[in-house]
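Contents: one structure, followed by commentary.
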């Protein structure tokens, strides 16, 4: 937006030697603003998607020997547990395999 304003000022308002200065100032302001907003929007990892479940705790709903169901953050997921887990146990999500979670006891 600053670039458009600088172009219009340079063409219609500012006298000849200063129009280049206004135009360069508009370009610098536009590039600086773009860099600022890009860095601001990329400062943290996104907190969406199934990958954010890795490392969280889950409660076993149906026996995981080796496949069963767990509840994570209020959602029911299919889970695989190589060591086995009984209903009511708390397990930890270690990986995501398609639409199933890989969990371990503890």
### Message
Please go through (1) at pLDDT below 90; (2) surrounded by 12 or more Cβ atoms within 10 Å (Cβ to Cβ); (3) closer than 30 Å to residue 104 by Cα for residue 49 and return the number of the only condition it doesn't satisfy.
### Response
(2)
### Summary
How many residues of the stretch 47-56 are under 11 Å from residue 93 (Cα atoms) and part of a loop (DSSP other than H, G, I, E, B)? The answer is 3
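Residue 59: within 28 Å of the chain's Cα centre (by Cα) and either modelled with pLDDT under 95 or not in a strand (DSSP E or B) (or both), yes or no? Let's see the steps before the verdict.
Numbers: within 28 Å of the chain's Cα centre (by Cα): yes; either modelled with pLDDT under 95 or not in a strand (DSSP E or B) (or both): no.
In short, no.
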### Query
Before we move on, is residue 33 touching a strand residue (DSSP E or B) at 6+ places or on another chain (Cβ under 7 Å) and part of a helix (DSSP H, G or I)?
no
### Message
Give all pairs with beta carbons closer than 9 Å in which a residue from the stretch 11-28 that is farther than 16 Å from residue 1 by Cβ meets a residue that is outside any helix (DSSP H, G or I) and at pLDDT 90 or above; count only pairs at least 6 apart in sequence or on separate chains.
### Response
19/13
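Check 68, 25 and return the single one that is assigned to a helix (DSSP H, G or I), over 16 Å from the mean Cα position of the chain (by Cα) and surrounded by 11 or more Cβ atoms within 10 Å (Cβ to Cβ).
Numbers: 68 fails: assigned to a helix (DSSP H, G or I).
That would be 25, the only listed residue that is assigned to a helix (DSSP H, G or I), over 16 Å from the mean Cα position of the chain (by Cα) and surrounded by 11 or more Cβ atoms within 10 Å (Cβ to Cβ).
Can we say residue 8 is surrounded by 10 or more Cβ atoms within 10 Å (Cβ to Cβ) and touching a helix residue (DSSP H, G or I) at 6+ places or on another chain (Cβ under 8 Å)? Steps first, answer last, please.
Numbers: surrounded by 10 or more Cβ atoms within 10 Å (Cβ to Cβ): yes; touching a helix residue (DSSP H, G or I) at 6+ places or on another chain (Cβ under 8 Å): no.
In short, no.
The values are calculated or read from the model by the stated rules, or taken from the named source; none is laboratory data. The model shown is predicted, which means the values in this text are computed figures rather than measured ones. Heads up, the Cβs are rebuilt from the backbone with ideal geometry, glycines too, and the neighbour counts pull from every protein chain shown.
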